[in-house]
Amino acid sequence: MNKYMVVCTFRPDMVWDEVTAMVPEEIAVVKVLEAEGILSAVRVSVARDKVFLEVSADDAAGAMATVQRLPMSKWWDLEPYQIAVPV
């Protein structure tokens, strides 16, 4: 498995009230993905309307598929970047 940083940018058409209402559901799915060992970090930059997710996957398509399991992904544009694990 490879490590990816998936940069998730909120689309301009999202509504913050809807995003906020979905937080408990999002947290529940994050916990499932963490338990599966395929999501290892979640970082949010509200000021930049971005979420950064560290995902383990065989390839970029697999990383994207993992992120698309998250309820909030419907409001995101996704950019996966393979990252090197420090030695």
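Bear in mind these aren't lab numbers, they're just calculated from the coordinates by the rules spelled out. Because the structure is a prediction, the values reported are computed rather than measured. Methodologically, a virtual Cβ is constructed for each residue, glycine included, from the backbone with ideal geometry; neighbour enumeration extends over all protein chains shown.
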Percentage relative contact order, the chain, counting C-alpha pairs under 8 Å, at least six apart
50 percent
Can you list the HN-Hα couplings for region 3-10, worked out from phi with the Karplus curve (6.51, -1.76, 1.60; θ = phi - 60°), rounded to whole Hz and with x for Gly and Pro?
9, 10, 9, 9, 8, 10, 9, 4
With -39,500 (n - 2.57) per DSSP H segment of 4 or more residues and division by the full residue count of the chain, the 222 nm estimate, nearest 500 deg cm²/dmol, is -9000 deg cm²/dmol
For Asp77, Asp58, what ranking results if the residue with the fewest other Cβ atoms within 10 Å of its Cβ goes first?
Asp58, Asp77
Over the chain, what number does the Rg to Rh ratio reach, with both radii from the alpha-carbon atoms and Rh per Kirkwood?
0.96
Measuring from label point to label point, each 7 Å out along Cα→Cβ, what is the Glu26 to Arg43 span in nm?
1.7 nm
